[in-house]
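Data first, discussion second: the structure below is written as structure tokens.
The values are calculated or read from the model by the stated rules, or taken from the named source; none is laboratory data. This structure is a prediction, so every number in the text was calculated from the model and none was measured. Glycine gets a Cβ as well: all are built from the backbone with ideal geometry, and neighbour counts include every protein chain shown. For the accessible areas, the whole protein counts, side chains as well, though only heavy atoms, and no ligand, DNA or RNA atoms are used. Shrake-Rupley method; radii C 1.70, N 1.55, O 1.52, S 1.80 Å.
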Amino acid sequence: MELLDQADILITQNGQAFDSPKINTRFILNGMKPPSPYKHLDTYKIAKKVASFTSNSLEYLTDKLCIKYKKLAHAKFPGMLLWRKFSRE
């Protein structure tokens with residue numbers, strides 16, 4: 001919450017459709033106020049709007065567009081296993 005309050009811009013990959021609603025739900029369920037307003041840049045939406053990549057996934061986009069930084073693979077929880085582990089909590 002403190003980091004969101006300090007942020008002027010939030011950059012996410014598919015965060016407007018997934019992460020922000022999940023975070024907002026947790027704030028509501030825990031009786032917390034919403035964070036201060038911030039600008040939200042969603043790289044998934046931007047990529048989809050300006051181009052027609054084979055995939056708009058973070059892994060694909062960093063593989064094709066980033067020279068230095070790539071999406072790290074989850075050694076312990078590849079792919080959907082990571083999502084399943086945390087979606088049950």
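Of all the criteria given as (1) open to solvent by 100 Å² or more (accessible area, probe 1.4 Å); (2) at pLDDT below 90; (3) small (Gly, Ala, Ser), the one not satisfied by SER52 is (2).
Residues of the range 1-24 that are modelled with pLDDT under 90 and either closer than 23 Å to LYS48 by Cα or not in a helix (DSSP H, G or I) (or both): MET1 alone.
Scanning for something touching a helix residue (DSSP H, G or I) at 6+ places or on another chain (Cβ under 7 Å) and not basic (Lys, Arg), does the range 45-53 turn up at least one residue? So far as the range 45-53 goes, yes, one or more of its residues are touching a helix residue (DSSP H, G or I) at 6+ places or on another chain (Cβ under 7 Å) and not basic (Lys, Arg). When the residues of the range 25-40 are filtered to those that are open to solvent by 60 Å² or more (accessible area, probe 1.4 Å) and outside any loop (DSSP other than H, G, I, E, B), the one that is farthest from PHE86 (Cα to Cα) is LYS39. For the range 14-54, a residue qualifies if it is under 16 Å from the mean Cα position of the chain (by Cα) and of a type in the set (S, T, N, Q), and the qualifying residues are ASN14, GLN16, SER20, ASN24, THR25, THR43. Cβ separations smaller than 7 Å between residues 6+ apart or across chains give the following pairs from the range 6-35 residues that are on the phi > 0 side of the Ramachandran plot to residues that are open to solvent by 60 Å² or more (accessible area, probe 1.4 Å) and part of a helix (DSSP H, G or I): ASN14/TYR44.
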